[in-house]
Amino acid sequence: MADPLKPSRARAAALASSLALIAGGALLACPPPALAQAQQSGVVGRLVVQGNERIDAETILSYLPIQAGDTVDPAKIDVALKALFRTDLFADVKLDLQGGDLIVKVVENPVINQVLFEGNSSIKEDKLKDEVQIRPRGVFTRARVEEDVGRIVELYRRSGRISATVTPKIVELPQRRVDLIFEINEGAKSGIIRINFLGNVEFSGNDLRNVVVTKESQWYKFFASNDNYDPDRIEYDREQLRKFYRNRGFYDFRIVSSVAELAPDRNGFAVTYALDEGAKYRFGKLTVQTDLKKLNGDILRQLLPIREGQIYQDQKIEQATDALTFAAGAAGFAFVDVRPRYTPNPARHTVDVVFEVKEGPRVYIDRIDIVGNTTTLDYVIRRQLNVAEGDAYNRALVDRSKTNVRALGFFKDVEITNVPGSAPDRTNLLVKVTEQPTGQLSFSAGYSSIDKLVTDVGVSESNFRGRGQDVRARLSLGFLRQQIDFSFTEPHFLNRDLRAGFDLYSYRYNFSDQASYDTSSTGGTVRVTFPLTPNSLLTTRYTLRTDDVIVQDFLCVPGAELVSVVLCQQRGSYITSQFGYTIGYDRRNDPILPTRGYYVNLSQDVAGAGGSVHYVRNDLRGGWYHGFNKDFIFSFTGQAGYVDGWNGDSIRIADRFYEGGDTFRGFQIAGIGPRDIQFGDSLGGKLFAIGTLEMTIPTKLPEQYGIKAALFTDFGTLGILDRVNKVDPNTNLPLVNVKDDLGLRASAGISIFWKSPMGPLRFDFSQIIKKDFYDRTELFRFSTSTRF
């Protein structure tokens, strides 16, 4: 075992003055170097370096503020000594003037060969290496070791082990090298026995325990990381409590004290918060004052998300400030300063707020730096920014730029922060992104009420070679679908704000269980997307494909059909040539995980410009989101479509709408809508409408588990067949077994989302509320996708 910072080999005498000794776990300081120096004066004729092994004499003399010919005295020698010690290269230095020669005797600090950790089990070695500043091949100094000991102790303190001790030791190696070993005694983990609140009247202790991040230790919380004592986390919890009360009207709320007491048996802490809740306040008079000519205070006041008489909330003040800043930016004022001024009225329990909108200092963007994009090329991110270097700083445009970068879907997190520029009126923008996997290997499966398991797999890459190009080469093999397709999208076609691409595909659907027929399609699509406004897009497209509806001949013997006669009418091959467009309007606050805002998409396709099929297809989709907080997010999404023929054509079975599965939980794929009840064949419909209400709910599980949940209800309808599909072609009589009813269908249930090691999983548990007797249901469905 190595001796504590005390070598025991041949170089012990030389190292004795360079290394600290350990006594009782503390580092002992060496004597001040100046005490070992001769107090001499005179003229320096020559400089002589002695004792150096690795460091050149010229390098040592370059640090020395004395040259040949200088006159020295004790003061100058002391300055020279301090200059050499400040380099951290030497354990000891002596200066001695002998007959005109200034002798510089040095003892070099050892070089660290490796840094080792012993006794650590709760904290991984990689994390400890990141924490310490000493590195292999660096110079060993007493001060640096002391600093790193403190860093390691602080790391353990933050993890709840306040009794941890660290003892540094060295092992001497040849050529003045040493191994540095930190021996760690982690001690017991200091948990949280109890969290107490004093003075709380409006909210119970349990309510407030859900507010703070620190949690009480429980034997069953195996993976909890916030149930230990951490003073920094306690301070953070104070701020969380303040936000909680201030966002519920308690303007005068304050925390009198927060005390953590160690239990007598030292097995944990009891944390006690003494609170002064104060009275509940409401918003009083709200005013917007501005001296800017183009802005009207009364008009700005109408934009405030606050009304007099509402419960006072700090977050409402922040939202109002953002709204005024955005409005001023939209009006052309890139430099505004919005400051709220409060006037509380304790007698009436109201708070009057005056928002002062002033012209702020003019600031211009000096430089835009992008960091964290290990895969995505810089120009892919820069072309999403609404600001450029040299532009006036505009917060509204910066926020919009952040949304644009998030909308790419390439990054887990996007932050745009201001960094001081080269002058007071200059700022740099730091765009920090965190890459996330953009390739996807997907797998889905569904379990139905008739014991049918359906699987599907596919592969895609949405950021090809970091250029933002979307390339998908997919081979899908499953009971329901066999598909091969290739698609390519260039997001900045011809270096313009145009998204252009093409799709080539061939697929075959096996509807033998749902409708006793197969369908196959082969074709391609070319498309172009361009923005109309900052929040709206228009996509135009052209599609050419050939479709085949396949029903075996022996199933369609006239008068002895084994499948619905409607399917027998649809057999054959058709060519579809269609033009279409989609116009979309998006005001969501986040395109990936929205908590506020809405979106609407309208699509229309017209077939008949050539080919053998004539129809007009319309599709409307949209959604509205409202987040009450990070746990409760309500959404209403809906979709509707209608397709009808022209030029005397009816709608073929392959061009109708089919809903169920992921689009209508609780029902199988093609589980709702018109059906031939004699054979159980789904016939699809010309009209559908489906709505979804969903509310995310907390699971009370630790966040690191990655499990979330949502309550949902799906409701809608599907129906309408052409008259020709309801009449027997042989007898011209109505087909009594064909049911076509636009009745309401509805289901409700819970969805569980889990970020598992194999990828995100989704489990849907459904209960049917309303259905027709011929609909096909399923109680459970799950799906997953793995990113790479």
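Tally up the residues in segment 631-659 that are open to solvent by less than 20 Å² (accessible area, probe 1.4 Å), closer than 22 Å to D764 by Cβ, over 31 Å from the mean Cα position of the chain (by Cα) and not acidic (D, E), please.
At the first step, the residues of segment 631-659 found to be open to solvent by less than 20 Å² (accessible area, probe 1.4 Å) are 635, 641, 643, 651-653, 655-657, 659.
After this cut, where a residue has to be closer than 22 Å to D764 by Cβ as well, the list is 635, 657, 659.
Restricting the remaining residues to those that are over 31 Å from the mean Cα position of the chain (by Cα) gives 657, 659.
Next cut, not acidic (D, E) only: 657.
Total satisfying the criteria: 1.
Mind checking which pairs have a first residue in segment 111-138 that is in contact (Cβ under 8 Å) with a residue 60 or more places away in the chain and at positive phi and a second that is buried (at least 18 other Cβ atoms within 10 Å of the Cβ) and not aliphatic (A, V, I, L, M), Cβ under 7 Å, 6 or more apart or different chains?
Matching pairs, first to second residue: G119/E183.
Using the structure shown, decide if T699 is at pLDDT 95 or above and open to solvent by 10 Å² or more (accessible area, probe 1.4 Å).
So T699 does not fit the description; no.
Does T343 satisfy the condition of being of a type in the set (S, T, N, Q) and in a strand (DSSP E or B)?
The answer is yes for T343.
Go through segment 65-87 residue by residue and tally those that are touching a Leu at 6+ places or on another chain (Cβ under 7 Å), open to solvent by less than 50 Å² (accessible area, probe 1.4 Å) and in a loop (DSSP other than H, G, I, E, B).
Final tally of qualifying residues: 1.
Kindly indicate which of G439, G421, G409 is over 30 Å from A473 (Cα atoms), modelled with pLDDT under 90 and not basic (K, R). Don't jump to the end; show me each part of the working.
Details: G439 fails: over 30 Å from A473 (Cα atoms); G409 fails: over 30 Å from A473 (Cα atoms).
Selected residue: G421, the only one of G439, G421, G409 that is over 30 Å from A473 (Cα atoms), modelled with pLDDT under 90 and not basic (K, R).
Does I112 count as open to solvent by less than 40 Å² (accessible area, probe 1.4 Å), at pLDDT 85 or above and assigned to a strand (DSSP E or B)?
It is true that I112 is open to solvent by less than 40 Å² (accessible area, probe 1.4 Å), at pLDDT 85 or above and assigned to a strand (DSSP E or B).
Residue check, F667 against (1) under 33 Å from the mean Cα position of the chain (by Cα); (2) open to solvent by 10 Å² or more (accessible area, probe 1.4 Å); (3) of a type outside the set (G, A, S), all met but one. Which one?
With respect to (1) under 33 Å from the mean Cα position of the chain (by Cα); (2) open to solvent by 10 Å² or more (accessible area, probe 1.4 Å); (3) of a type outside the set (G, A, S), F667 is out only on (2).
Yes or no: I672 more than 17 Å from V565 (Cβ to Cβ), in a loop (DSSP other than H, G, I, E, B), open to solvent by less than 10 Å² (accessible area, probe 1.4 Å) and in contact (Cβ under 8 Å) with a residue 60 or more places away in the chain?
It is true that I672 is more than 17 Å from V565 (Cβ to Cβ), in a loop (DSSP other than H, G, I, E, B), open to solvent by less than 10 Å² (accessible area, probe 1.4 Å) and in contact (Cβ under 8 Å) with a residue 60 or more places away in the chain.
Does A36 satisfy the condition of being modelled with pLDDT under 50, of a type in the set (A, V, I, L, M, F, W, C), surrounded by 13 or more Cβ atoms within 10 Å (Cβ to Cβ) and farther than 15 Å from I103 by Cα?
no
Residue-by-condition table, conditions (1) hydrophobic (A, V, I, L, M, F, W, C); (2) touching a residue at least 60 places away in the same chain (Cβ under 8 Å):
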position	(1), (2)
L97	yes, no
V106	yes, no
E146	no, yes
I162	yes, yes
V166	yes, no
R176	no, yes
K189	no, yes
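Hey, any hits in segment 230-247 for a residue that's at pLDDT 90 or above, assigned to a loop (DSSP other than H, G, I, E, B) and either open to solvent by less than 40 Å² (accessible area, probe 1.4 Å) or of a type in the set (D, E) (or both)?
Yes, the conditions are met somewhere in segment 230-247.
For the condition open to solvent by less than 20 Å² (accessible area, probe 1.4 Å) and of a type in the set (A, V, I, L, M), what is the one hit in L155, L173?
Going through L155, L173 in turn, the sole match is L155.
Considering only segment 606-630, state which residues are under 36 Å from the mean Cα position of the chain (by Cα) and surrounded by 14 or more Cβ atoms within 10 Å (Cβ to Cβ).
N618, D619, L620, R621, G622, G623, W624, Y625, H626, G627
Looking at D714, D764, can you tell me which residue is modelled with pLDDT of 95 or more, within 30 Å of K412 (Cβ to Cβ) and open to solvent by less than 60 Å² (accessible area, probe 1.4 Å)?
D714 is the lone residue from the list that is modelled with pLDDT of 95 or more, within 30 Å of K412 (Cβ to Cβ) and open to solvent by less than 60 Å² (accessible area, probe 1.4 Å).
I'd like to verify a number: residues in segment 131-153 that are closer than 21 Å to N185 by Cβ and either part of a strand (DSSP E or B) or at pLDDT below 85 (or both), how many?
Count: 0.
Filter segment 254-282 for residues that are closer than 21 Å to R161 by Cβ and either touching a residue at least 40 places away in the same chain (Cβ under 8 Å) or open to solvent by 60 Å² or more (accessible area, probe 1.4 Å) (or both) and give the result.
Residues satisfying the conditions are V259, E261, L262, A263, P264, D265, R266, N267, G268, F269, A270, V271.
State whether the residues of segment 456-468 include one that is of a type outside the set (D, E, K, R), open to solvent by 60 Å² or more (accessible area, probe 1.4 Å), within 24 Å of the chain's Cα centre (by Cα) and at pLDDT 70 or above.
Yes, there is a match, as at least one residue in segment 456-468 is of a type outside the set (D, E, K, R), open to solvent by 60 Å² or more (accessible area, probe 1.4 Å), within 24 Å of the chain's Cα centre (by Cα) and at pLDDT 70 or above.
Working carefully through the options R400, R426, find the one that is modelled with pLDDT under 90, over 30 Å from F464 (Cα atoms) and open to solvent by 40 Å² or more (accessible area, probe 1.4 Å).
Answer to the selection: R426.
Any residue at all in segment 377-384 that's in a loop (DSSP other than H, G, I, E, B) and more than 20 Å from the chain's Cα centre (by Cα)?
Narrowing segment 377-384 to residues in a loop (DSSP other than H, G, I, E, B): 377, 383-384.
Subsequent filtering for residues that are more than 20 Å from the chain's Cα centre (by Cα) retains 383.
Yes, segment 377-384 contains at least one residue that is in a loop (DSSP other than H, G, I, E, B) and more than 20 Å from the chain's Cα centre (by Cα).
If I filter segment 724-739 for residues that are assigned to a strand (DSSP E or B) and under 46 Å from the mean Cα position of the chain (by Cα), do I get at least one hit?
The answer is no; no qualifying residue exists.
Tell me, which residue of segment 352-387 that is without any contact (Cβ under 8 Å) to a residue 60 or more places away in the chain and of a type in the set (D, E, K, R) is surrounded by the fewest Cβ atoms within 10 Å (Cβ to Cβ)?
D378
Regarding segment 530-547, can at least one residue be identified that is out of contact with any Leu (no Cβ under 7 Å at 6 or more places or on another chain) and within 20 Å of D681 (Cβ to Cβ)?
So far as segment 530-547 goes, yes, one or more of its residues are out of contact with any Leu (no Cβ under 7 Å at 6 or more places or on another chain) and within 20 Å of D681 (Cβ to Cβ).
Identify, from the list L304, L300, the residue that is open to solvent by less than 90 Å² (accessible area, probe 1.4 Å), over 18 Å from D399 (Cα atoms) and over 30 Å from the mean Cα position of the chain (by Cα). Steps first, please.
On the way: L304 fails: over 30 Å from the mean Cα position of the chain (by Cα).
Matching residue, one of L304, L300: L300.
With respect to D513, determine if the residue is in contact with a Lys or Arg (Cβ under 8 Å, 6 or more places away or on another chain) and modelled with pLDDT under 75.
Details: in contact with a Lys or Arg (Cβ under 8 Å, 6 or more places away or on another chain): yes; modelled with pLDDT under 75: yes.
The answer is yes for D513.
Scan L687, L721 and give me the residue that is out of contact with any strand residue (DSSP E or B) (no Cβ under 6 Å at 6 or more places or on another chain) and touching a residue at least 12 places away in the same chain (Cβ under 8 Å).
Details: L687 fails: out of contact with any strand residue (DSSP E or B) (no Cβ under 6 Å at 6 or more places or on another chain).
Result: L721 is the single residue among L687, L721 that is out of contact with any strand residue (DSSP E or B) (no Cβ under 6 Å at 6 or more places or on another chain) and touching a residue at least 12 places away in the same chain (Cβ under 8 Å).
Filter segment 404-423 down to residues that are buried (at least 17 other Cβ atoms within 10 Å of the Cβ) and farther than 29 Å from N463 by Cβ, then give me how many there are.
1
Considering only residues that are in contact with a Phe, Trp or Tyr (Cβ under 9 Å, 6 or more places away or on another chain) and among the small types (G, A, S), which ones fall in segment 403-422?
Listed by number, the list holds a single entry, G421.
I'm trying to understand the selection: among the residues of segment 554-587, which are of a type in the set (D, E, K, R) and open to solvent by less than 60 Å² (accessible area, probe 1.4 Å)?
Those that are of a type in the set (D, E, K, R) and open to solvent by less than 60 Å² (accessible area, probe 1.4 Å): E561, D586.
The values are calculated or read from the model by the stated rules, or taken from the named source; none is laboratory data. These numbers come from a predicted model, not from an experiment. All Cβ positions, even for glycine, are placed from backbone atoms using ideal geometry, and neighbour counts span all protein chains on display. Heads up: the accessible areas ignore ligands, DNA and RNA and are worked out on the full protein's heavy atoms, side chains in. Shrake-Rupley method; radii C 1.70, N 1.55, O 1.52, S 1.80 Å.
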